[in-house]
Amino acid sequence: TVGTDGLTPGTTSQVSLTYVKYVAAGITKTLSINTDSSTNKYCLPVSAPVITLVGSIPTVTVNSGSGSTLNLSAQNKIGSVTVKADAQGAIKVRQLLFAVSNSGFSSGPTITDTPGTTPFLALAGSQTQISGSSCTSGGGIATITCILGSSSYVTDFLIPANQSTTFDLYATVGGTAASGAKAAISTSLTSAGFVWDDTSTNGAAGSTGLTGEKIYGFPTSSYTISQQ
């Protein structure tokens, strides 16, 4: 058990194979580590990756933007991510960092970062900014960083056990499409910029500020929206 009355979240563990024991002709033998293949007893230690123990973990999915239409100089949904908490317990989401790429532009593209047109996160089915959240493109288009709350465990976005939440990214995209081309914007999540909390110890040390780098199979796919 990890969490209250169990192991401390953030504790690391690693499984290593250091010898092989086997039975041959009714006799139990042990093949110890030996790097000299000439002895005919060649065995190297094998270590699994180091794992970080938590009480619960999110499953992250980058949704498809297929069929969506990009309207330049207008507000568009340019990203969509679903986060599901494991059945073992709730998790919290603190930050989503989107990597942004583009194609088919002759000038731009730009992401407007002025009041009233700043990128924002909304819950699926809504186009209203999530209360307490904020997004910024840093004056460029390479990345968009979205904070849910105030970067603390208390205000991070809670997702109950075995439940999922979809976050949609909206932004005003400027620029001009190249002649004969369809402009397109793609967004993906960076694993280091996906920051979350394991709630198993209510924000105690080791359970907060974890990143997507610790999640096996973190998605590398993109949400793409293009002109029709």
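What the table shows:
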read-out	value
Any hit, region 175-185, residues being open to solvent by 40 Å² or more (accessible area, probe 1.4 Å), closer than 30 Å to G3 by Cβ and not polar (S, T, N, Q)	no
Matching residues in region 188-217 - criterion: being touching a residue at least 40 places away in the same chain (Cβ under 8 Å), open to solvent by 30 Å² or more (accessible area, probe 1.4 Å) and over 15 Å from D156 (Cβ atoms)	T190, A192, A205, G206, K214
Qualifying residues in region 218-228 (those that are open to solvent by 10 Å² or more (accessible area, probe 1.4 Å) and in contact with a Lys or Arg (Cβ under 8 Å, 6 or more places away or on another chain)) - the one farthest from L53 (Cα to Cα)	Q228
Strands (runs of 3 or more DSSP E) (entirely within region 1-83) containing at least 1 residues that are of a type in the set (D, E) and at pLDDT below 90	none
Those residues of region 151-203 which are over 22 Å from the mean Cα position of the chain (by Cα) and not basic (K, R), in sequence order	T172, V173, G174, G175, T176, A177, A178, S179, G180, A181, A183, A184
Residue satisfying all of: in region 153-163; of a type outside the set (S, T, N, Q) and assigned to a loop (DSSP other than H, G, I, E, B); most open to solvent (accessible area, probe 1.4 Å) among these	V154
Criterion violated by T166 - all others in (1) assigned to a strand (DSSP E or B); (2) within 25 Å of G140 (Cβ to Cβ) satisfied	(2)
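Residues are listed down the side, and each one gets a yes or a no for (1) outside any loop (DSSP other than H, G, I, E, B); (2) in contact (Cβ under 8 Å) with a residue 24 or more places away in the chain; (3) more than 24 Å from G65 (Cα to Cα):
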| residue | (1), (2), (3) |
| --- | --- |
| K92 | yes, yes, yes |
| A99 | yes, yes, no |
| T110 | yes, yes, no |
| I147 | yes, yes, no |
| S151 | no, yes, yes |
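The values are calculated or read from the model by the stated rules, or taken from the named source; none is laboratory data. Keep in mind the model is a prediction, meaning the values are calculated, not measured. With ideal geometry, Cβ positions are generated from the backbone for all residues, glycine too; neighbour counts draw on all protein chains shown. Areas reflect the complete protein model, heavy atoms only, side chains present, ligands, DNA and RNA absent. Shrake-Rupley method; radii C 1.70, N 1.55, O 1.52, S 1.80 Å.
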